[in-house]
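Got a structure for you, written out below as structure tokens; questions coming shortly.
All of the numbers you see were taken from the coordinates with simple rules; none came from a lab. Computed from a predicted model, the values in this text were never measured in an experiment. Positions of Cβ are backbone-derived with ideal geometry, glycine not excepted, and every protein chain shown enters the neighbour counts.
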Amino acid sequence: MRRRPADVLAAGIAGAVVSGFPSTLWTLAERGDPLEGGRALGQVLLPREERTLVLLVAGAPVHLALSLGWAGVLGAVLPPRAEPLTGALGGVAIAALDLAVLGRFFPPIHALPQGRQWADHVAFGLSVGVVLAATRRAGRRPARGEPAR
């Protein structure tokens, strides 16, 4: 199924926003620092930087770019009518690549509590799947210049 780029973009933005909820809630429940993940991503780009604001500003566009990229992948491979479930499973696959394989090469990411990060990835995949399912069900009107189906 070919999806509209606007639908994939919306799914990616939703995934970028929702994906931090599990780790943030988990961290707050344990009275930890909810900004540790954002700082870790910023330290991948700026390994010698220690200022929280600089690290968060550096990491935010990377997080958004990764979210949009992975939403594009999920948008291309998720089967219609099963997007939320297969999206969550896709989140597990993305976590395996991001955390178990690539994360070992990035000490700030590897140092994060891994259970929380895996939960974030599942939330990402699930939220992308939910948005893609909703846009499919909505029977979106064709974009300007697109022929009606």
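For the ranges 101-107, 2-8, 125-131, what's the packing order if you count other beta-carbon atoms within 10 Å of each residue, average per peptide, and put the highest first?
With the highest mean Cβ count within 10 Å placed first, the list reads 125-131, 2-8, 101-107.
Using the Kirkwood radius over C-alpha pairs as Rh, can you work out the diffusion coefficient of the stretch 1-142 via Stokes-Einstein at 10 °C, viscosity 1.306 mPa s, in µm² per second?
103
Efficiency by 1/(1 + (r/R0)^6): what FRET value for VAL54 and HIS110, r their Cβ-Cβ distance, R0 = 25 Å, to the nearest 0.05?
Efficiency, from the Cβ-Cβ distance: 0.75.
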